[in-house]
Amino acid sequence: MNIYEKLVECALDSQKMAYTPYSNFKVGASVLTDSDKIYGGCNIENASYTPTVCAERVAIFKAIYNGEKKIKKIAVVGKENFFTYPCGVCRQVIREFCTNDCEIIIIKNKEEYKVIKFSELLPYSFGPEDL
Ligand code: THU
């Protein structure tokens with residue numbers, strides 16, 4: 001299994017853990033860190049709506065909590081047979097921990113995904129080096 005397949009598998013497994021009683025829109029994510037570890041995440045909703053957290057941020061925060069410093073790749077899966085892209089807030093959170101050549105893997109289904117660069121997802125971004 002290559003690294004893309006591993007990230008796809010982890011994102012799809014993570015999606016099953018989504019807590020989505022309000023939207024029923026289940027998202028899974030997985031990140032590959034600089035130390036070559038993979039962390040998964042799912043979206044977790046809230047009765048008060050705004051505290052809802054996206055799958056991408058759960059995966060990233062798990063990685064950071066575990067001592068990781070940088071993200072090399074991040075995969076995301078939402079609606080089946082549809083390309084679900086990270087929301088704006090998650091793009092900014094990804095920005096904090098990646099470089100412009102970080103790969104974003106957008107999963108359509110178990111067999112199909114596309115790979116884009118972070119710079120395509122959030123061009124002209126603001127990050128830690130800009131302060
Ligand atoms: N969601 C994510 O988990 N990631 C995204 O990038 C887009 C949106 C979640 C948040 C909410 O639980 C549900 O999808 C519907 O917006």
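Quick note: the coordinates plus some simple rules give every number you see, no bench work behind them. The structure presented is a predicted model; accordingly, all values stated were derived computationally and were not measured. We place every Cβ from the backbone using ideal geometry, glycine too, and count neighbours over all the protein chains shown.
Descriptive notes on the structure:
- Any hit, region 9-20, residues being of a type in the set (A, V, I, L, M), buried (at least 24 other Cβ atoms within 10 Å of the Cβ) and under 14 Å from the mean Cα position of the chain (by Cα): yes
Rundown of residues vs (1) touching a helix residue (DSSP H, G or I) at 6+ places or on another chain (Cβ under 7 Å); (2) surrounded by fewer than 23 Cβ atoms within 10 Å (Cβ to Cβ); (3) of a type in the set (Phe, Trp, Tyr), yes/no style:
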{"residue": "Ile60", "(1), (2), (3)": "yes, no, no"}
{"residue": "Ala63", "(1), (2), (3)": "no, no, no"}
{"residue": "Asn66", "(1), (2), (3)": "no, yes, no"}
{"residue": "Val76", "(1), (2), (3)": "yes, no, no"}
{"residue": "Cys90", "(1), (2), (3)": "yes, no, no"}
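- For the condition within 14 Å of the chain's Cα centre (by Cα) and more than 24 Å from Glu129 (Cβ to Cβ), Thr33 does not qualify.
- Considering residues of region 102-118 that are within 15 Å of the chain's Cα centre (by Cα) and either closer than 23 Å to Ile44 by Cβ or away from the ligand (no atom under 16 Å from the Cβ) (or both) only, the residue surrounded by the fewest Cβ atoms within 10 Å (Cβ to Cβ): Val115
- Residues that are part of a strand (DSSP E or B) and aliphatic (A, V, I, L, M), drawn from region 99-131: Ile104, Ile105, Ile106, Ile107, Val115, Ile116
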